[in-house]
Amino acid sequence: MANPDANPLPLTRQNLELLNSLNGDTMRSDDPSLIGPSDSNLGISTTSSGFAVQARENGILYEDESGPPYDVDTIHYHLEQHRTSTQPSEHTHQRYCQAISRSHNEAAVATKMDQMGILKVYDNDHYDCAPNRIITGIPEEVDFRKGLSNPVPDRIEGLYVNQELPSALCNRSLHRDERGALTSCHFALEHKRTDGDLGLAKLQAAYYGATMVYARNQALDQAKQDAAHQQGVGAVVDKVAGETGVLTCTTDGQEAHVFAHYCDDQGQYHQHRVASESLLEYPNRGRQLIRNAQDFARNKAFEVAAVLGIAEGKTWLDEEEKEKEEKKRDSALTLCIAARHHYKVGAILEYDTPS
């Protein structure tokens, strides 16, 4: 007998999509009136058996087919940076190892990693993460998405959509018509349980990476158009567009793997492993790797916002906020200010010592 006190979720498109992603099932319909063209979840989910084949047909290359980006050495350099923040004690780490060994689902792994402080949490009004949020902003007609359900990364990070952002970013939100939508996303993470399938996580990350690369390239293409008749601006946009910006991470709480993603001239999406670390044997190095990947991607997110603001001729931060952020010495927001005021000499990307 049904529980009269139960509060069932409303029958909405988003809840149906979430149910589908949790079940790993395939939903199909021939009635286009049931759901919109850019927010439907009709297609093969990332946990279905046919996902890998369909993704490959769409131009998302397997890892062993992918080549390194031309700036892979630069990525390695930033991922290897020493961090100044306090590392967990040996006792805390031993407790984490014991807890992870007992974590038999993805939610438990994510919780233990959060409790350990492995992932960085950003204290910034412009930048945040979204857990298990369905990406509805990429049309299903786009080549790499054909036949596949909407991406649902375990964690994705980016800029909040607000009126201060350049319109080219607001119009390319990954979460269409939603409160707290994110844009300029350059980092996603996929969890698996300790006895789970990191190979599947890698396939899922390839899809999420392609999604972020596509959105990044679309925004920068718009910036190129806006900058066509502005002296010096086009060179800045070309510099940013030519660099790799999107990273993903897969982890089961015991090891972490970071991948760089980019699209080649033939429209194929590459996934190249740039680093791997054990979170059990070398906890500080594993924590450093993930946090450096987050920082790298975050700076790239702000960098795209900066050049789009330049191209649109828009002051992204008002004078009061600029002064406040300059005092805080936030590297990513300082980057925006530097890019806006010094773009003629190509002052684009600088990193402070990470914490």
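A few remarks follow.
- Meets criteria (among the hydrophobic types (A, V, I, L, M, F, W, C), surrounded by 24 or more Cβ atoms within 10 Å (Cβ to Cβ), out of contact with any strand residue (DSSP E or B) (no Cβ under 8 Å at 6 or more places or on another chain) and part of a helix (DSSP H, G or I)) for ALA168: yes
- Filter result (in a helix (DSSP H, G or I) and surrounded by fewer than 15 Cβ atoms within 10 Å (Cβ to Cβ)) within region 40-71: VAL53, GLU57, ASP64, GLU65
- You will find that of GLU157, GLU190, GLU140, the residue that is surrounded by 15 or more Cβ atoms within 10 Å (Cβ to Cβ), in a loop (DSSP other than H, G, I, E, B) and acidic (Asp, Glu) is GLU140 and no other.
- Close pairs from region 113-129: first touching a residue at least 24 places away in the same chain (Cβ under 8 Å) and β-branched (Val, Ile, Thr), partner crowded, with 20+ Cβ neighbours inside 10 Å and assigned to a loop (DSSP other than H, G, I, E, B), Cβ under 8 Å, at least 6 apart: ILE118/LEU279
- Sole residue being part of a loop (DSSP other than H, G, I, E, B), surrounded by 15 or more Cβ atoms within 10 Å (Cβ to Cβ) and of a type in the set (Gly, Ala, Ser), chosen from SER103, SER85: SER103
- Test: residue in region 113-126 that is on the phi < 0 side of the Ramachandran plot, in contact with a strand residue (DSSP E or B) (Cβ under 6 Å, 6 or more places away or on another chain) and surrounded by 13 or more Cβ atoms within 10 Å (Cβ to Cβ): yes
- Selection within region 272-300 - over 25 Å from ILE60 (Cα atoms) and among the basic types (Lys, Arg): ARG285, ARG287, ARG291
- All positions within region 258-282 that are surrounded by 19 or more Cβ atoms within 10 Å (Cβ to Cβ) and without any contact (Cβ under 8 Å) to a residue 40 or more places away in the chain: GLU277
- Residue check, THR74 among the polar types (S, T, N, Q), surrounded by fewer than 16 Cβ atoms within 10 Å (Cβ to Cβ) and touching a helix residue (DSSP H, G or I) at 6+ places or on another chain (Cβ under 8 Å): no
- Of all residues in region 99-127, those satisfying the criterion of being at pLDDT below 90 and among the acidic types (Asp, Glu) are ASP123, ASP125.
- Candidates are the residues of region 199-237 that are of a type in the set (Phe, Trp, Tyr) and within 19 Å of ALA301 (Cβ to Cβ); the one that is surrounded by the fewest Cβ atoms within 10 Å (Cβ to Cβ) is TYR214.
- Residue list for region 136-183, restricted to those being of a type in the set (Gly, Ala, Ser) and either touching a Ser or Thr at 6+ places or on another chain (Cβ under 9 Å) or without any contact (Cβ under 8 Å) to a residue 60 or more places away in the chain (or both): GLY137, SER149, GLY158, SER173, GLY180, ALA181
The values are calculated or read from the model by the stated rules, or taken from the named source; none is laboratory data. Note that the coordinates shown come from a computational prediction; the quantities given were computed from them, not determined experimentally. Neighbour counts run over all protein chains shown; Cβ positions are idealised from the backbone, glycine included.
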